[in-house]
1. Could you run through the range 93-134 and say how many residues are at pLDDT 95 or above, outside any helix (DSSP H, G or I) and either of a type in the set (Gly, Ala, Ser) or surrounded by 10 or more Cβ atoms within 10 Å (Cβ to Cβ) (or both)?
2. Applying the selection to the range 40-74, what residues are open to solvent by 50 Å² or more (accessible area, probe 1.4 Å), within 19 Å of residue 12 (Cβ to Cβ) and in contact (Cβ under 8 Å) with a residue 40 or more places away in the chain?
Amino acid sequence: MRFVAHVRSHRVIVDQPRHAGGDDSGPMPLELIGASLGTCIALYAQRFLESRGLPHEGMRVEVEQFGAGNPHRIGELVARIILPAALPPRDLTLLEQVARSCPAHATLTHSPRVGVTIMTPEPAMGGNERARMR
């Protein structure tokens, strides 16, 4: 139930909770989708706030995931940016636009094509295959 994803020079462990047969040594694969969205929004929000000299220390982003069925998947993601201080309404509007412009948000709202290819090792050649290749 435990797998390691290699992302550049980093290792990300994914696992299932104990009740699902795993060791709970990492998040489940679907949980990484919410984490990706939240951290992407956080990066863009922090850059926006810093560029305007607005308070950002202590800011956090929470993402809540809601499941759906037929097929089993995430049906809804709700992201909340919790700011350390109040902002003027104009900056709040711009911050929301910035959050919606992060690449993770754009990817999730503009359904990417997803391909799956199965790769298998080449079969070992026996006597008959060698004869045909001459």
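1. Number satisfying all stated conditions: 3.
2. The answer is 43, and nothing else.
The values are calculated or read from the model by the stated rules, or taken from the named source; none is laboratory data. Predicted model only: the values in this text are computed from it and were never measured. A quick note on method: Cβ atoms are made from the backbone with ideal geometry, for glycine too, and the neighbour counts reach across all protein chains shown. Surface accessibility is based on the protein's heavy atoms, side chains included, excluding ligands, DNA and RNA. Shrake-Rupley method; radii C 1.70, N 1.55, O 1.52, S 1.80 Å.
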